[in-house]
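Student: Take a look at the following structure, please.
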Amino acid sequence: MRRLLAWIQGFAESLGGPGLFIIAFLDSSFLSFPEVCDALIVLLTVQHRERMVFYALVTTLGSVAGCYSLYLVGKKGGEAFLRKRFHARHVDRAMAVFRRHGMLSILVPSLLPPPMPFKIFVLAAGVSGMPAFDFLVAVGLGRAIRFFGVGLLALWKGQAAISWVHENAAKVGVALAIAVVAVVVFSLWRRKTRSVA
């Protein structure tokens with residue numbers, strides 16, 4: 001992992017922002033580099049603190065673009081792939097969740113770090129016919145929260161943020177997901193009570 005990270009870091013640093021975009025795109029689409037984007041944001045931010053916003057933004061955009069390409073694959077024929085890999089009952093249940101909860105069903109998993117299997121949610125969003133705008137907003141928001149959070153952590157903790165993210169990312173991701181669900185449920189409840197009143 002360290003050798004791969006060193007090579008990817010060298011690649012991303014040599015290209016600057018475009019390198020981060022490419023790595024984030026590949027990680028979110030057809031390849032997997034678990035936690036590499038987080039580590040790159042930390043490493044690059046430690047070297048150039050004034051560019052943290054740029055690094056987080058470029059990584060977010062690359063991740064959203066990668067997710068969108070996978071979403072399009074799901075939309076154009078991913079159902080056959082899902083049905084081959086998973087029991088039909090589970091696929092049908094997942095499709096029902098996407099149709100019922102829309103953006104929330106992609107926003108919550110987009111916040112969670114590896115080993116959360118996020119790509120299956122992206123494919124399922126395409127298969128279920130989730131509107132592209134809703135998909136892009138949900139993924140963009142989730143990824144921005146994650147990558148800007150990592151950037152802020154890098155400013156605060158320096159290079160030690162890499163090990164902190166590795167050790168605590170799952171807890172923080174779950175806490176963020178619960179917070180998002182709570183906010184959405186509360187806003188839906190308020191909207192409902194206002195319409196009744």
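The values are calculated or read from the model by the stated rules, or taken from the named source; none is laboratory data. The structure displayed is predicted, hence computed values, not measured ones. Heads up, the Cβs are rebuilt from the backbone with ideal geometry, glycines too, and the neighbour counts pull from every protein chain shown.
Student: Restricting the first residue to region 86-102 and requiring it to be over 19 Å from P117 (Cα atoms), which pairs with a second residue that is in a helix (DSSP H, G or I) and hydroxyl-bearing (S, T, Y) meet a Cβ separation below 8 Å and a spacing of at least six or different chains?
Tutor: Short answer, once both residue conditions are applied: R99/S128.
Student: List the number of the failed condition for F30; all other conditions in (1) within 23 Å of L111 (Cβ to Cβ); (2) assigned to a helix (DSSP H, G or I); (3) within 19 Å of the chain's Cα centre (by Cα) hold.
Tutor: Failed condition: (2).
Student: Looking at region 1-42, which of its residues are touching an Asp or Glu at 6+ places or on another chain (Cβ under 8 Å) and modelled with pLDDT of 80 or more?
Tutor: Residues satisfying the conditions are G19, C37.
Student: Within region 41-53, which residues are part of a helix (DSSP H, G or I), of a type outside the set (D, E, K, R), without any contact (Cβ under 8 Å) to a residue 40 or more places away in the chain and more than 12 Å from L20 (Cα to Cα)?
Tutor: Selection gives Q47 alone.
Student: Moving on to the next point. Show me the helices (runs of 4 or more DSSP H) found entirely inside region 54-144 where at least 1 residues are among the charged types (D, E, K, R), modelled with pLDDT of 80 or more and within 22 Å of L20 (Cβ to Cβ).
Tutor: 118-128
Let's see how each residue does on (1) within 20 Å of L141 (Cα to Cα); (2) crowded, with 19+ Cβ neighbours inside 10 Å; (3) of a type outside the set (A, V, I, L, M):
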{"site": "W7", "(1), (2), (3)": "no, no, yes"}
{"site": "E13", "(1), (2), (3)": "no, no, yes"}
{"site": "S29", "(1), (2), (3)": "yes, yes, yes"}
{"site": "D38", "(1), (2), (3)": "yes, yes, yes"}
{"site": "I41", "(1), (2), (3)": "yes, yes, no"}
{"site": "V46", "(1), (2), (3)": "no, no, no"}
{"site": "T59", "(1), (2), (3)": "yes, yes, yes"}
